[in-house]
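One structure, as structure tokens, below. Some questions next.
The values are calculated or read from the model by the stated rules, or taken from the named source; none is laboratory data. From a predicted model like this one, the values you see are computed outputs, not experimental measurements. Backbone-built Cβ (ideal geometry, glycine too); neighbour counts: all protein chains shown.
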Amino acid sequence: PAPSPSPSSASPPPASNVASGLVDLRPSGYDLVIVGCGLSGCVIAERASAVLGLTSLIIDKRSHIGGNCFDYIDEASGLRISQYGVHLFHTKSERVWEYVNRFEEWMPYCHRVKAKVDLQRGNGYQLTSLPPNRETVNTLFDANVTSEEDMEAWLASRRVGNVEDAKNGEESALSRAGPELYEAIFKYYTYKQWDRLPDQMDASVLARIPVRLDEDNRYFTDEHQALPKHGYTRIFENLLHGHKDIDVRLDVDFFNEKDKLPKHTTLVFTGPIDAYFASQGMPKLEYRSLTWDVEYHDTEPCETYQEALQVNYPGMEVPYTRIVEYKHKPNQPVKAKEGKGTLIFKEFSVDDGDPYYPVPNPANRDLYEKYRELAEKEQGVLFVGRLASYKYFNMDQAILNALELFDAWKAEGKL
Ligand code: UDP
């Protein structure tokens, strides 16, 4: 492998190889044309150059690099905002951790999520931590649980069925948490997020949220949890800008411009797999999208609107799932973090719009299998990423998947 570049702490290299539209292309063409400038597309381009010396053209229909990880500084508030919703990097994988450290400096950060739960006692919201732990059941149900043994007993008397047998999200939550926590935390949040109750979702979706015996109130327990010091976009800038083997062309919609692409050996597609095969007349896969109501609040210097970066609302009394307040992130520019005012983002899950989440359930899984069979037969095209694999990947899983697929493609002589 090529030596690792060390991440720049000052400004990123100039973007001489990034432009809008299919202009200034290499006359001889490219080894790879990569559709999508998110994590998967960028990892493949970077590895293809570093390991095999291959050239890539990355196209994206959006006007920016970084896919859904894209963040930017909001001019009015000076705050760094994630355009496509809050992203928190965490990983158990040493390989991924080592890889991302090549492209940015990271600062340790443990994400701690709060929930505001209204159990209709008429007392308004109770603030508790998520995932549910001892503090959660004491706050919500006056459980008076003080040890791991107490918590285990509290849960054991409530759990319904075995977690190993859980066939759907409802059984996953009931077998770990029992009915009270299920109703208070899981059932309606899931309904708001997916527009279906947990019994219509795969167990794996609700299994993302553990139920803890202790008082650990971190959202993730992975060894590596950190924020990119200059934001997520900087990772992509450091990876792409000025790269000798990679050109990036933004504002290029693959489906409108596929006949105008330069000569290439292999196409790497990171978009929705059902969009790629739309002409086959098969049913579409389902996705969820997100929208936000953004509010400015005139807080005092250094003050915030809410108790944490992310506060979930797992009940039906409000239509949004969570409120995100980026001012809490320690990688904010100091002036904005210590200044007056804040922005909050009330997040709504919707049917239409850019696809953000695949909807993991048996019907979509079966349908995806049919698309996957088509993908395997497609000559000269390789599929990778959350949308092309129809998998609910976290950021680190998307990176690891791309690294591993690259290795496999190389071993199989597909590149
Ligand atoms: N979930 C829940 N209540 C919560 C948070 C999550 O029931 O307060 C369930 C819900 O089904 C959600 C899933 O767990 O879709 C995964 O949540 P996560 O926070 O991992 O979602 P993401 O941040 O990826 O949107």
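Can you name every residue in segment 171-196 that is surrounded by 15 or more Cβ atoms within 10 Å (Cβ to Cβ) and under 23 Å from the mean Cα position of the chain (by Cα)? Before the answer, list the steps.
Our first condition is that a residue be surrounded by 15 or more Cβ atoms within 10 Å (Cβ to Cβ); within segment 171-196, this holds for 171-178, 180-194.
Residues satisfying the conditions are S172, A173, I185, F186, K187, Y188, Y189, T190, Y191, K192, Q193, W194.
Right, next: Out of Y276, Y320, Y326, which single residue is within 17 Å of K114 (Cβ to Cβ) and crowded, with 21+ Cβ neighbours inside 10 Å? Explain how you work it out, then say what you get.
Numbers: Y276 fails: within 17 Å of K114 (Cβ to Cβ); Y320 fails: crowded, with 21+ Cβ neighbours inside 10 Å.
Being within 17 Å of K114 (Cβ to Cβ) and crowded, with 21+ Cβ neighbours inside 10 Å holds for just one of Y276, Y320, Y326, which is Y326.
Does D165 count as under 29 Å from the mean Cα position of the chain (by Cα) and buried (at least 17 other Cβ atoms within 10 Å of the Cβ)?
Numbers: under 29 Å from the mean Cα position of the chain (by Cα): yes; buried (at least 17 other Cβ atoms within 10 Å of the Cβ): no.
No: the conditions fail for D165.
Still on this model: Evaluate the following for H224: is it surrounded by 21 or more Cβ atoms within 10 Å (Cβ to Cβ) and more than 18 Å from Y357 (Cβ to Cβ)? Working first, answer last.
On the way: surrounded by 21 or more Cβ atoms within 10 Å (Cβ to Cβ): no; more than 18 Å from Y357 (Cβ to Cβ): yes.
No; evaluated as a whole, the condition is false for this residue.
Still on this model: Starting from residues that are crowded, with 18+ Cβ neighbours inside 10 Å and of a type in the set (K, R), keep the ones in segment 62-120 and report whichever is farthest from V324 (Cα to Cα).
Among those residues, the one meeting the criterion is R62.
Only one of (1) at pLDDT below 95; (2) within 14 Å of the ligand (Cβ to nearest atom) is not met by G242, so which one is it?
Checking G242 against (1) at pLDDT below 95; (2) within 14 Å of the ligand (Cβ to nearest atom), the one that fails is (2).
Answer with yes or no whether V294 is surrounded by 18 or more Cβ atoms within 10 Å (Cβ to Cβ) and either among the β-branched types (V, I, T) or free of Cβ contacts under 8 Å to residues at least 12 places away in the same chain (or both). Break it down into steps so the answer makes sense when it comes.
Numbers: surrounded by 18 or more Cβ atoms within 10 Å (Cβ to Cβ): no; either among the β-branched types (V, I, T) or free of Cβ contacts under 8 Å to residues at least 12 places away in the same chain (or both): yes.
Criteria not met by V294.
Taking segment 119-132 as the region of interest, how many residues are in a loop (DSSP other than H, G, I, E, B) and away from the ligand (no atom under 13 Å from the Cβ)? Explain how you work it out, then say what you get.
Taking segment 119-132 first, the residues in a loop (DSSP other than H, G, I, E, B) are 119-125, 131-132.
Narrowing the set further to residues that are away from the ligand (no atom under 13 Å from the Cβ) leaves 119-125.
The number of residues fulfilling the criteria is 7.
For segment 75-104: of the residues being out of contact with any helix residue (DSSP H, G or I) (no Cβ under 9 Å at 6 or more places or on another chain) and among the charged types (D, E, K, R), which is nearest to the ligand (Cβ to nearest atom)?
Out of the qualifying residues, it is E94.
Here's another thing I want to ask about it. Is it the case that D214 is in the same structural domain as Y72 (by TED's automatic domain parsing) and away from the ligand (no atom under 13 Å from the Cβ)? Steps first, answer last, please.
Working: in the same structural domain as Y72 (by TED's automatic domain parsing): no; away from the ligand (no atom under 13 Å from the Cβ): yes.
So D214 does not fit the description; no.
Filter the strands (runs of 3 or more DSSP E) completely within segment 1-118 down to those with at least 1 residues that are acidic (D, E) and in contact with a Phe, Trp or Tyr (Cβ under 6 Å, 6 or more places away or on another chain). Please lay out each step first, then the result.
On the way: elements: 18-20, 30-35, 56-59, 71-73, 80-82, 89-91, 106-108, 113-117.
Of the strands (runs of 3 or more DSSP E) lying wholly inside segment 1-118, those with at least 1 residues that are acidic (D, E) and in contact with a Phe, Trp or Tyr (Cβ under 6 Å, 6 or more places away or on another chain) span 71-73.
Since V324 meets every condition but one in (1) over 29 Å from P198 (Cα atoms); (2) in contact with a Phe, Trp or Tyr (Cβ under 7 Å, 6 or more places away or on another chain); (3) not polar (S, T, N, Q), which condition does it not meet?
Unmet condition: (1).
Something else about it: I'd like to check something: does segment 242-253 contain any residue that is within 24 Å of the chain's Cα centre (by Cα), part of a helix (DSSP H, G or I) and closer than 23 Å to K414 by Cα? It would help to see each step written out before you state the result.
Restricting attention to segment 242-253, the residues satisfying the condition of being within 24 Å of the chain's Cα centre (by Cα) are 248-253.
If we keep only those that are part of a helix (DSSP H, G or I) too, we end up with none.
Looking for residues that are within 24 Å of the chain's Cα centre (by Cα), part of a helix (DSSP H, G or I) and closer than 23 Å to K414 by Cα, one finds none in segment 242-253, hence no.
Hey, another quick one. Would you pick out the residues in segment 247-271 that are of a type in the set (S, T, N, Q) and touching a strand residue (DSSP E or B) at 6+ places or on another chain (Cβ under 7 Å)?
Applying the first criterion (of a type in the set (S, T, N, Q)) to segment 247-271 yields 256, 265-266, 270.
Scanning segment 247-271 gives T265, T266, T270.
Can you name the residue in segment 133-173 that is of a type in the set (A, V, I, L, M, F, W, C) and farther than 28 Å from Y313 by Cβ and, of all such residues, is farthest from the ligand (Cβ to nearest atom)? Can you show your working first?
Looking only at segment 133-173, we keep the residues that are of a type in the set (A, V, I, L, M, F, W, C), and these are 137, 140-141, 143, 145, 151, 153-156, 160, 163, 166, 173.
Now restrict to residues that are farther than 28 Å from Y313 by Cβ: 153, 156.
Numbers: A153: 24, A156: 21 Å.
Step by step, filter segment 133-173, then rank; the result is A153.
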